[in-house]
Amino acid sequence: MTKLTRRDFIRLAGAGAATAVITACSPNAPAPTATSLPDTALPQATLPPPAAIATEGFVPDVEFALNAVQETAVIFPGTDTNVWRYTGELMKGEANALQPIPDSYLGPILRVRKGQKVRIHFTNDLPETSIIHWHGLHIPANMDGHPQYVIDNGQTYVYEFEVRNRAGMYWYHPHPHGRTGSQVYAGMAGLFLVSDDEEDAANLPSGEYDIPLVLQDRTFKEDGQLSYMSNGMMDMMMGTLGDEMLVNGKPDATLPVATRAYRLRFLNGSNSRIYKLGWEDGTPFTVIGTDGGLLEKPVERPYLTLAPAERVEIWVDFNGRSLGSEMKLISQPFTAGEIRGGQFPILTVKVEREATDNVSLPAQLSTPAFHDVSESERTRTVELMMDMGVGSWTLNGRVFEMTAVSEDEIVQMGAIETWEYRNDVASSGGGMGMMNMTLPHPIHMHGEQFQVISREINDDGKAGWDTLSEGFVDEGWKDVVLVMPGERVKVLRRFGDYAGLYLYHCHNLEHEDMGMMRNFEVRA
Ligand code: C2O
Ligand code: CU
Ligand code: CU
C-alpha cells in the first residue's frame, strides 16, 4: 500500500489554519452532548407508531433483509480490518435488485424502480442501537430512520414503503443520535439506486458502463485498524478528516475502462471531507445528475465540489484515448474557512480495451418539474452557528431534541416554502476560546428534494468561496447543499404527503452527532 503518512496528508491538506483551533481546543475536553441542555421544547409532536413488524395488507414487489454486523474486511492486502457493515439478502424480486460489492465493507447496492413497493427487514447485530435512514427518499416518517426508532441488538425493524422518487442515486446509512458518525466511519453505508421510465428513455450508458463510486476518507492505525476521532474535541468541532482515500472501500483505486462513453456516479460518503474533483489533465466534466436524479440538460463544470452526502453524475467518453493511457481524478486545493483542502489523488482510470457504443449524450435528459419561486408560501431562516456557551454547533441556537419541535419548525403538509440557511452569523456565548471559527456546513433535509434558488456571499467569505463555487451544481434536485462560510443559501421545496417528524441537519457527521440537527414536523 502506498499509504500517505498522517503528516504527509496533513501537509497536503494544509492544516495550518487548524493550528489556532488545536491550541484553543483541548483534546481531553468532554464531548458536548445534547442532553446537557435544558429541554426548552414546546409540546411534543404526535408520533406515528414505529413499524416493527410486517403488515399483512402490504404486498411488496421487492423484499430485502439487511443485517448490521461486526465483521472483518480486507482493505489492505494481508490485513483484516474490523468493520461494521450491512450484509443483505434478496427475499423477493429480480436477482439484480441486490448486488454485493465484492471485497468491500460497503453494504450491497439495492436497485429498485419507481413505483415499486419495497419491504426491508433490518436486523441489528451490533453491540449498540442503530436504525437505517434512506437518504434522499420521500417516505413516511416512521420509515425514515428517525433516531427515536433505534432498535437494540437482536431486534428487527421492518420498513415498508412505495418508491416515489425519480431515478437517481440515493443511499442508506445509520441514524442513531450521537452515533451516526462512528457507525458510518466503521463501514455502514450502501447505495440505493432508483430507476424509472424517464431514465430509460435517456438511453444512458448502462450495465458495466454505469459505475457508482463511493468516496470516503479514513484514518488507519499502524496495525490496519480504523481510528476515529483520535483528536477528540477538535475532530468534533472541525469534522473528522481521514488520511487515506478509499473508493468503493479500496485504497489506491483504479478503474479499468474501454474506449467508449460511461456514466460515473459519485457519492461523497465521507464523514466531513469536501472534495474538489478534477481531472489532472484539466478535462472538464459533463454533469448529468445530482442528488435527486437527472438534470434537465447536461451542464459543464471545470471541477466538481462534492460535500458530504452529495451525489453527482457525469457523462465521460474515453473514445479517442489510447490503449494503456491513464486519467487521474484528484481533489484540488481549496479554502473554506478553517478548512484547507490540499491536492491528493482519488482514482486512476486506465484505458484497457477498445469498445464501441450506441449511446450519445442527450440534449434533454429529463423533465425535472421544478416548483416556481412564486409558489413559495413562506420563508424561514436557519442560522448555522457555534454556541460557545453550550460548546456545540447549532441551528438557530438550538441543538437536537429527540421528539421535540419548536413552533417555527412546524410546516403545513403540502406547503411549498423557502428555507434560507445563513452561515454568516457570529458565534454566541463565551468560553472555550474558539473565536470566530468559520466552517462550511453541508445542510441536508429529509423528505422531499429541494432546489437551490439563490446564493449570496459576503465580502469576508468571497475569497474562499471563489475556490469552490464553480463546482456547485445547483441545476438539479438536491437533498444536501453546501453552505460556505459567509454564505446565505435559499432552497425551495415542498413538504408533502406524510405527517410526522423529519430531520434537517448538517451532514458533517460529527456536527450532526453533537446536535447540529433538528426536527421539523409536517402537520396535516
Ligand atoms: Cu444522510 Cu439525516 O441523513
Ligand atoms: Cu437523509
Ligand atoms: Cu456543520
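Counting other Cβ atoms within 10 Å, which trypsin sites (Lys or Arg not before Pro) in the stretch 367-401 have at most 15 and lie in a DSSP loop?
Those that pass, being in a loop and sparsely packed, are Arg378.
How do Thr438, Thr180 rank by accessible surface area computed with a 1.4 Å probe, from largest to smallest?
Thr438, Thr180
Quick one: of the DSSP bridges fully inside the stretch 196-299, what percent are antiparallel, nearest 5?
Given both bridge residues lie in the stretch 196-299, the antiparallel proportion sits at roughly 60 percent.
Restricting attention to the stretch 164-267, which trypsin sites (Lys or Arg not before Pro) occupy a DSSP loop and are surrounded by at most 11 other Cβ atoms within 10 Å?
The qualifying sites are Lys221.
Going by average Cβ density within 10 Å per residue, which order do the peptides 283-292, 414-423 take, highest to lowest?
Packing order, densest peptide first, comes out as 283-292, 414-423.
Suppose every K and R has +1 on its Cβ and every D and E has -1 on its Cβ; what is the size of the dipole of the stretch 232-360 about the Cα centre, in Debye to the nearest 20?
140 debye
Given the chain, what percent of its DSSP beta bridges are antiparallel, to the nearest 5?
Bridges in the chain are about 75 percent antiparallel.
With a Cα-only, solvent-free Debye model of the chain, what are the log10 I(q)/I(0) values at q = 0.13 Å⁻¹?
-1.41
Taking K and R as +1 and D and E as -1, what net charge do the other residues with C-beta under 13 Å from the C-beta of Ala309 add up to?
-1
What order do Tyr209, Tyr502 take when sorted by accessible area (1.4 Å probe), most exposed first?
Tyr209, Tyr502
Among Tyr262, Gly224, Leu306, whose Cα projects farthest towards the positive end of the dipole of the chain, with charges put on the beta-carbon of Lys, Arg (+1) and Asp, Glu (-1)?
Farthest along the dipole direction, towards plus: Gly224.
Residue separation times 0.36 nm, minus the C-alpha to C-alpha distance between Thr156 and Ala54: what's the value?
35.7 nm
Using the basic label-point model (7 angstrom from Cα toward the beta carbon), what is the Asn358 to Thr286 distance in nanometres?
1.9 nm
Over the chain, average the accessible area per residue using a 1.4 Å probe and give it in Å², no decimals.
37 Å²
Quote the FRET efficiency, to the nearest 0.05, computed for Ser374 versus Lys350 with a Förster distance R0 of 41 Å and r equal to the Cβ-Cβ distance.
Calculated value: 0.25.
Summing Lys, Arg as +1 and Asp, Glu as -1, what charge do residues with Cβ under 10 Å from the Cβ of Trp393 carry, Trp393 excluded?
With Lys, Arg at +1 and Asp, Glu at -1, the neighbours total -3.
Kindly state, to the nearest 0.05, the FRET efficiency for Lys221 paired with Arg164, given R0 = 41 Å and r defined as their beta-carbon distance.
FRET efficiency, Lys221 to Arg164: 0.40.
What part of the accessible area of the chain, given as a whole %, is carbon or sulfur when the probe is 1.4 angstrom?
Carbon plus sulfur share of accessible area: 50 percent.
Considering amide H positions built from the backbone, and no H for Pro or chain starts, which residues 5 or more places from Leu255, or on another chain, come under 5 Å of its amide H?
Here the answer is Thr348, Val349, Lys350, since their amide H atoms fall under 5 Å of that of Leu255.
Roughly how far apart, in whole Å, are the Cα centres of the stretch 495-511 and the stretch 82-104?
Each part's Cα centre sits 26 Å from the other's.
With each label point set 7 Å from Cα along the Cα-Cβ vector, what nm distance links Met413 and Ala65?
With each label placed 7 Å out from Cα toward Cβ, I get 3.5 nm.
With charges set only on the Cβ (+1 for Lys and Arg, -1 for Asp and Glu), what does the dipole of the stretch 447-524 come to about its Cα centre, in debye to the nearest 20?
360 debye
Over the Cα atoms of the stretch 207-353, each weighted equally, I'd like the Debye log10 I(q)/I(0) at q = 0.08, 0.15, 0.22 Å⁻¹, rounded to two decimals.
The Debye formula, applied to the Cα set alone, gives -0.24, -0.80, -1.51.
For labels at Lys462 and Ser322 in the simple 7 Å Cα→Cβ model, what's the distance in nm?
For Lys462 paired with Ser322, the spin-label model returns 4.6 nm.
Considering only DSSP beta bridges with both partners in the stretch 41-176, what is the antiparallel share in %, to the nearest 5?
Close to 80 percent.
What does the charge dipole of the chain about its Cα centre add up to, to the nearest 20 debye, if the Cβ of each Lys and Arg holds +1 and the Cβ of each Asp and Glu holds -1?
The dipole of the chain has a size of about 620 debye.
With every protein chain left in place and a probe of 1.4 Å, what is the accessible surface of Lys350, to the nearest 10 Å²?
Accessible area of Lys350: about 70 Å².
The values are calculated or read from the model by the stated rules, or taken from the named source; none is laboratory data. None of the values given here were measured: they were computed from a predicted structure. Note that each Cβ is placed from the backbone with ideal geometry, even for glycine, and that neighbours are counted across all protein chains shown. Remember, those area values only see protein heavy atoms, side chains included, never the ligands or the DNA or RNA. Shrake-Rupley method; radii C 1.70, N 1.55, O 1.52, S 1.80 Å.
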